[in-house]
């Protein structure tokens, strides 16, 4: 059984995650800098480390579930584990320059 | 990791609160209560309690059930008790208003309903405070905004206890020198604990987090916000001392109230300084309408505080009444309406779109509102407050009622905007087919949202 190259799969995952928006800020969670890390194992298991703009926001659980659902649907992904972290906390400096300009 | 959840009954609290606000404004416009009647007249007390309990307290409790978990990072404890608190507070308020009607001599109403209403209100606030304190106790650490809420919750209980004692005195159940002293000196303490200790401190605590969250500004930490909290604590300690003197000696010591007043003024100045820093430090350059309107409310806090100082120095009913009007309808109500303009669409979005996020495209929260329509009515609302305050100071009752009429119209329009957000009317076409949520009752099938 063969898997797509890791980098290609990560690019696919990031592209898929760009369809998930932060409902309050209205921008996608990748360019907002909410996805801290994507680790892809050779067996197709993906570990995502992410955060939210506000700790304990009522939308947090939904955003985590959305990331899980979105990554699971990417071809080549067998399993997804999403870890939520606030260390370090999100800051506006994590946004992509393009989003920061439109902010 | 624990996460905050959606409070199922918050919108029911908001619905009842808005009904009370409209009823109170309609009464004021019709010439019911101050300034047509005296500040302490039963008809004025009906309007004041409709605003303070029916509108502002229900609004604040509904908001706290949703946002205290956000402040402390824990789920709401004993959430099933929140509808019980709502029923107790609403029924207590109805009895209280009936008691005031009895005091005013209305047929079929008796002043004895006052203490019954007071007992129901104490029970309702007690249940709400139990839920909120239990949530606070779940926190590993108590962030400053939550500390404000903790002190505010103690104040609402003290307010209710003083109110119940006053109700007993007005209904003739408590007599003697104590009753006279209570009615003479206790009313200002009741108002101080209620409007200052409860509503203003809770609004300050919640706004610290919300302003920072909505503007993407670094949270305020360090000595300055501690000064806000510390001076508020001194002001409340002064009120507690004055209450102790009243209970023990049937008297009042003006110097204690002066110290409390100075501490309260320091609180307001330091708090507004913090808010100004938050706005200046924001990373979100475009300010959405709710945060723009909140600026109007912060301005009203500054104006109302100055007017209250002036009013207490002057000692006239018109000046004190105008100051309380600005603080209640400008600061607290203005901030409340501004926050509802964001919170209602946000909760609606969570209910309708959050469960499908990541599976299909979702709109932004901002897509649920049309700011252009609401912008002018927020402007009209705050302008009407300034005109109404000037008319009250100038003792021009017709102009006052006209200004209140404008307020009523703008509130009705804003409620129309809240309705449109709940019914998903302003959503862009791709999402127009979305199933609509219930207007203000919780979803039929309780869901865990984490």
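Some notes on this structure:
- Computed [θ] at 222 nm, deg cm²/dmol, the protein assembly as shown (DSSP H ≥ 4; -39,500 (n - 2.57); rounded to nearest 500): -20000 deg cm²/dmol
- Between residue B:399 and residue B:262, the modelled label-to-label distance comes to 3.6 nm, taking each label 7 Å out from Cα in the direction of the beta carbon.
- Modelled label positions at residue A:86 and residue B:30, each set 7 Å beyond Cα in the direction of Cβ, lie 4.8 nm from each other.
- Principal-axis tilt of helix B:201-215 within chain B, Cα atoms, nearest 10 degrees: 20
- The slack between residue A:93 and residue A:42, meaning 0.36 nm per residue of separation minus the straight C-alpha distance, is 15.1 nm.
- Cβ-derived FRET efficiency at R0 41 Å, residue B:39 paired with residue B:177, nearest 0.05: 0.95
- Taking B:160, B:223, B:270 as the candidate residues, the one with maximal mean-square fluctuation in a Gaussian network model of chain B, Cα springs under 10 Å, is B:223.
- Relative contact order (%) - the stretch B:118-178, alpha-carbon pairs under 8 angstrom, separation at least six: 47
- C-alpha long axis of helix B:58-72 to longest principal axis of chain B, angle in °: 60
- With a 10 Å cut-off around each Cβ of A:65-72, the average count of Cβ atoms from other chains is 3.
- Taking chain A and dividing mean pair separation by its residue count, relative contact order in percent (alpha carbons under 8 Å, at least six apart): 30
- Inter-chain shielding of A:14-25 (mean C-beta neighbours from other protein chains, 10 Å cut-off): 4
- Relative protection proxy for A:28-41, B:252-265, from highest mean packing down: A:28-41, B:252-265 (other beta-carbon atoms within 10 angstrom).
- Residue mean of other protein chain beta carbons inside 10 Å, B:359-366: 5
- Stretched out straight at 0.36 nm per residue, the stretch from residue B:138 to residue B:425 would grow longer than its current Cα-Cα span by 99.4 nm.
- The modelled label-to-label distance for the pair residue B:226/residue B:247, using points 7 Å beyond Cα in the direction of Cβ, is 3.1 nm.
- GNM top mover of B:390, B:166, B:153 - chain B, alpha-carbon springs below 10 Å: B:390
- Between helix B:371-393 and chain B there is an angle of about 10 degrees, using the helix long axis and the longest principal axis of the Cα atoms.
- When chain B is treated as a GNM with alpha-carbon contacts under 10 Å, the residue of B:21, B:119, B:247 showing the greatest mean-square fluctuation is B:247.
- With 0.36 nm allotted per residue and the present C-alpha distance subtracted, the residue B:22-residue B:439 stretch has 148.4 nm of extension available.
Here, each number is a calculation from the coordinates, and none is a lab measurement. The model shown is predicted, which means the values in this text are computed figures rather than measured ones. Methodologically, a virtual Cβ is constructed for each residue, glycine included, from the backbone with ideal geometry; neighbour enumeration extends over all protein chains shown.
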